[in-house]
Every structure is written in structure tokens, then in C-alpha cells.
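Peer 1: First the structure, which I've put down as C-alpha cells, then a few questions once you've had a look.
The values are calculated or read from the model by the stated rules, or taken from the named source; none is laboratory data. Owing to the predicted nature of the structure, the values given are computational and were not obtained by experimental measurement. Every residue, glycine among them, receives a Cβ derived from its backbone with ideal geometry; neighbour counts consider all protein chains shown. For the accessible areas, the whole protein counts, side chains as well, though only heavy atoms, and no ligand, DNA or RNA atoms are used. Shrake-Rupley method; radii C 1.70, N 1.55, O 1.52, S 1.80 Å.
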Amino acid sequence: MPKKVTLEDKIAKRDKLLVQIEKSRAEIQPKVDAYNAINEEIKADIERLEREKRDAVFDHVMSVFGEDISPEEFKVEFNKLINDPRNKNFVEHLKRLQEQRKSANNT
């Protein structure tokens, strides 16, 4: 006949499991900390690269459109440039390049 499990037995088993859990947490915490640290470095590197890309585009746009152009004026002038029928082939070319970049990034 199986032994009846008492409340005290259950409490002892629970306490033993808690000790094992705490020991496991202590062993894995340095790995978790290292993961979090490298993940933050990666995020910072990605943000820096994106910022550098935006800055390079901004610098070039400002060299073409002028430093004193407002965002609203830029949008108007840029849309005129893009929507000019003489630039239709160039705009289509840009769209194809963008699709190629998307495809390359997805593979």
C-alpha cells in the first residue's frame, strides 16, 4: 500500500524545489546579464548606423536643396522633381532598386 503524502511532505518537497530553482537562477544569471549587455550593444550599433545613414542623406539633400529650406518647402520641391514627367523612367528605376534591396534583405 502506498505511503500517504502528508502536508509536511509536500512543504518539504516544495522547499527543496525552491532551493534548486534559486541555485539554477544564480548559475544562469551571469549568462542572462551577458546576453542583455551584448543585446544593448547591438541595439546601439544599429541605431548608430541608421543615424549615420540618415545624416549622410540629410547632408546630401541639404547640399542640393540648400541649408535654409524648410521641411514643407522641401516636400513641395521634391514632389515637383519626382512627379515631373521627364523623370518618370528615373522614378521607376528607383522603385526597382528599392524592391531589389528589399528582396536582398529578406533572403
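Peer 1: In the chain, what GluC sites (Glu not before Pro) fall in a loop by DSSP, with at most 11 other Cβ atoms inside 10 Å?
Peer 2: Listed in order of number, the matching sites are 67.
Peer 1: Okay, moving on. Could you give each residue of the range 13-23 its phi-based ³J(HN,Hα) in whole Hz, using Karplus coefficients 6.51, -1.76, 1.60 with θ = phi - 60°, and x for Gly or Pro?
Peer 2: So the Karplus estimates, Gly and Pro as x, are 5, 4, 5, 5, 5, 4, 4, 5, 5, 4, 5 Hz.
Peer 1: Leaving out ligands and nucleic acids, and using a 1.4 Å probe, what accessible area per residue does the chain come to in Å²?
Peer 2: Result: 95 Å² of accessible area for each residue.
Peer 1: Could you go through the range 95-101 in sequence order and give the Karplus-derived ³J(HN,Hα) for each residue, using 6.51 cos²θ - 1.76 cosθ + 1.60 with θ = phi - 60°, rounded to whole Hz, and x for Gly and Pro?
Peer 2: Result, ordered by residue: 5, 5, 4, 4, 5, 5, 5 Hz.
Peer 1: Now, a different point. With r defined as the distance between the Cβ atoms of residue 62 and residue 87 and R0 fixed at 22 Å, what FRET efficiency is calculated, to the nearest 0.05?
Peer 2: 0.60
Peer 1: For the chain, modelled as a GNM with alpha-carbon contacts under 10 angstrom, which of 32, 19, 64 fluctuates the most?
Peer 2: Maximum fluctuation in the GNM of the chain, among the listed residues, is at 19.
Peer 1: Continuing with this model, one more query. Which lysines have a Cα less than 26 Å from the Cα of residue 10, not counting those fewer than 8 places away in the same chain?
Peer 2: Output for residue 10: 23.
Peer 1: Take the residue pairs 75/95; 4/31; 31/53 and return only those whose Cα atoms are more than 30 Å apart.
Peer 2: Pairs exceeding 30 Å: 4/31; 31/53.
Peer 1: If the viscosity is 0.692 mPa s and the temperature 37 °C, what translational diffusion coefficient in µm²/s does Stokes-Einstein give for the chain when Rh comes from Kirkwood over Cα pairs?
Peer 2: D = 159 µm²/s.
Peer 1: May I pose another question? If all Cα-Cα distances of the range 49-106 are sorted into 10 Å bins from 0 onward, what percent lands in each bin, rounded to whole numbers?
Peer 2: P(r) for the range 49-106, in whole percents per bin: 20, 35, 39, 6.
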